[in-house]
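Worksheet: one structure, shown below.
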Amino acid sequence: MKIVESQNALLSNYEVYQHIVDQRKRNTAQNRRLPGNVHHVMTEVLAYLREKPSPLETQDETKHYSATAIPRLLEKLREANLPSELTKGELLSILNLRPSCSALLSTAIEDMEERFDEEQQNTIVDIVGDVLGRDETAGDAGEEMDEDAVPSVENGY
């Protein structure tokens with residue numbers, strides 16, 4: 001096998017997930033048996049993509065991620081008239097993380113505070129939530145206090 005172009009395109013976690021699911025369906029339909037190591041790698045990748053905190057953990061039930069969701073997200077971000085363009089890497093990170101707050105968004109966007117004000121950051125988070133769905137547990141995370149946590153002024157206890 002000869003590699004013609006190395007790393008021609010970047011894939012989101014959803015695209016990898018969908019490719020593996022489709023490949024498994026094709027192999028099952030054709031009654032094709034895969035080598036043990038290929039089957040193991042595919043199983044491990046799917047397990048990784050389906051476990052928390054991955055946005056794909058509920059993909060089978062919610063179907064938030066789809067072939068139309070990615071272009072729809074890009075279009076809505078373009079329509080938001082943000083002062084700074086998001087890079088391909090930042091968009092890929094946003095797709096893979098599905099940030100539910102500006103703190104998580106800052107891990108996907110370089111120099112976010114300098115490029116976007118608070119209202120624009122919230123707009124991006126709202127667009128991501130509208131297109132890719134919201135994490136139901138994200139709102140509860142700040143309300144619960146860990147049993148081992150020491151009360152302090154910072155966390156309001």
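Matching residues to (1) closer than 20 Å to Tyr17 by Cα; (2) more than 16 Å from the chain's Cα centre (by Cα); (3) at pLDDT below 80:
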residue	(1), (2), (3)
Ile70	yes, no, no
Leu95	yes, no, no
Asn122	no, yes, no
Arg134	yes, no, no
Gly139	no, yes, yes
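Quick one: His64 ticks every box in (1) modelled with pLDDT of 85 or more; (2) closer than 28 Å to Arg115 by Cβ except a single one, so which number is it?
(1)
Within the range 66-86, track down each residue that is assigned to a helix (DSSP H, G or I) and surrounded by 13 or more Cβ atoms within 10 Å (Cβ to Cβ).
Taking the range 66-86 first, the residues assigned to a helix (DSSP H, G or I) are 69-79.
Result: Ala69, Ile70, Arg72, Leu73, Leu74, Lys76, Leu77.
Pick from the range 25-60 the residues that are acidic (Asp, Glu) and surrounded by 10 or more Cβ atoms within 10 Å (Cβ to Cβ): which of them is nearest to Leu95 (Cα to Cα)?
So, considering only residues that are acidic (Asp, Glu) and surrounded by 10 or more Cβ atoms within 10 Å (Cβ to Cβ), the one nearest to Leu95 (Cα to Cα) is Glu57.
Checking the condition out of contact with any Pro (no Cβ under 6 Å at 6 or more places or on another chain), outside any helix (DSSP H, G or I) and acidic (Asp, Glu), which residue from Asp126, Asp135 passes?
Matching residue, one of Asp126, Asp135: Asp135.
Counting only residues that are under 13 Å from Ala69 (Cα atoms) and charged (D, E, K, R), which one in the range 90-132 is surrounded by the most Cβ atoms within 10 Å (Cβ to Cβ)?
Arg98
Is it the case that Lys63 is exposed (fewer than 11 other Cβ atoms within 10 Å of the Cβ) and touching a residue at least 60 places away in the same chain (Cβ under 8 Å)? Before the answer, list the steps.
Numbers: exposed (fewer than 11 other Cβ atoms within 10 Å of the Cβ): yes; touching a residue at least 60 places away in the same chain (Cβ under 8 Å): no.
So Lys63 does not fit the description; no.
Taking the conditions exactly as written (assigned by TED's automatic domain parsing to the domain that holds Gln121 and among the charged types (D, E, K, R)), does Arg78 satisfy them or not?
Values: assigned by TED's automatic domain parsing to the domain that holds Gln121: yes; among the charged types (D, E, K, R): yes.
For Arg78, the condition - assigned by TED's automatic domain parsing to the domain that holds Gln121 and among the charged types (D, E, K, R) - is met.
The values are calculated or read from the model by the stated rules, or taken from the named source; none is laboratory data. In this text, all values refer to a predicted model and were calculated from it rather than measured experimentally. Backbone-built Cβ (ideal geometry, glycine too); neighbour counts: all protein chains shown.
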